[in-house]
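Q: This is the structure I want to talk about, given as C-alpha cells.
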Amino acid sequence: SIGKRALIIIAGVLMNFLLGWLLISAVYLIGIPQALLVTDIKEAEIAAVAGIQKGDQILEFQKVSEFVEFINSNKSQEIVLNIKRGSEQLEIKVTPRQVVPEGEGNLGIYLVESGLPKSGILESFWRGLKSAADLTAVIFLGILDLIVGVFTDISVLDRFIGPVGIVNVAIETTKLGIIHFLQLLAMISLNLAVFNIFPIPALDGGRLLFLLIEKLKGSPLNPKIEMAANGLGFALLLFLMWIIFTAFIRI
C-alpha cells in the first residue's frame, strides 16, 4: 500500500536523524573538557609578541576569573602558560604588566570559557534531541541556500565543503579527540537526513512526492512520467555535483 511504502522511505530518513540524535546525546553524556579559548589578540601586545594565537586553548584554567586572578598575582613576573594548539601542547612565557591602562587587559587577549559539563542520561537524550532538531532546521536552510545559489549566485560555493573537504576535516577532527569526531559524524548524519528528504526525483523526498500525488490522484502515476521525472532529478543532481566539482577544481 501507499502508506507502507511511505513508511519504508521515511524510515531511512529517520534512521539518519536518529543516529545524529544519539551521537549528539553521547557528546552531552561524555562532556567536553572545560578550558579557556583565546578568541582574539591585540596586535603588538604582550600575548601577541609572546606568540599566543587566536584559537589557542589555555590549559589548567577553566574560568576567566581564575586566569585573571593568576595574572594579577604575578605582575612583573615571568610565568609559563600551557597552551594547546590543535594537537600540539606548547609552553609560552609571558610577563604580565605591573601597570595596566584603564579599560584594557593585562596581556591583550580576549578569552571565552569553552567546554561542556557532563549531563545525566535522560538530560543528555533530551538536550541531544533539541540540538538535533535545531541543527536539522539550520541544515535545511543551508542546503536550500546552496541549491538556489548554484543557479543565482555561484559564490555560495565558497561557503560549501565538498567531499574532499569533508575527508580533510574528518582527518583533522580525529586529532582533536573522540568528542569532536562524534560531533562531525552527527553533522554528516543529519545532513544526509535533510538532503534525502528534499522533494527531488531520485531522492527519498522525490519518491514521497510521487506517493502523495498517487494518493491524491487515486491511481498510480504513469510509469513513463515517473521515469522521466526521475531522469530529470538524477540529471539535476549530476549537474549540481558537476558545478561543485568544477568549482573546487578552480580552487
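Q: If you rank W126, W21 by how much accessible surface each has, with a 1.4 Å probe, what is the order from largest down?
A: Reading off the accessible areas and sorting them downward yields W126, W21.
Q: Right, something else. Using a Förster radius of 45 Å, what is the FRET efficiency between E88 and L146 based on their Cβ-Cβ separation? Nearest 0.05, please.
A: 0.85
Q: Share of region 1-109's accessible area from carbon and sulfur, percent, 1.4 Å?
A: It is 55 percent, rounded to a whole number.
Q: What does the highest-first list of 24-35, 132-143, 184-195, 76-87 look like by mean Cβ count within 10 Å?
A: The peptides rank, most packed first, as 184-195, 24-35, 132-143, 76-87.
Q: Just the projected area, averaged over all directions, of the convex hull on the alpha carbon atoms of region 78-145: how many nm²?
A: Over every viewing direction, the Cα hull of region 78-145 projects on average to 9.1 nm².
Q: Given a 1.4 Å probe and heavy atoms of the protein chains only, how would you sort E104, E91, largest accessible area at the top?
A: The ordering from most to least exposed comes out as E91, E104.
Q: At what distance in nm do the modelled label points of L216 and E60 sit from each other, each positioned 7 Å from its Cα along Cα→Cβ?
A: That separation, rounded to one decimal, is 6.7 nm.
Q: So if we plug the beta-carbon distance of K75 and W126 into 1/(1 + (r/R0)^6) with R0 = 30 Å, what FRET efficiency do we get, rounded to 0.05?
A: 0.05
The values are calculated or read from the model by the stated rules, or taken from the named source; none is laboratory data. Keep in mind it's a predicted model, so treat the numbers as computed, not measured. Heads up, the Cβs are rebuilt from the backbone with ideal geometry, glycines too, and the neighbour counts pull from every protein chain shown. Just the protein is used for accessible areas: all its heavy atoms, side chains included, with ligands, DNA and RNA removed. Shrake-Rupley method; radii C 1.70, N 1.55, O 1.52, S 1.80 Å.
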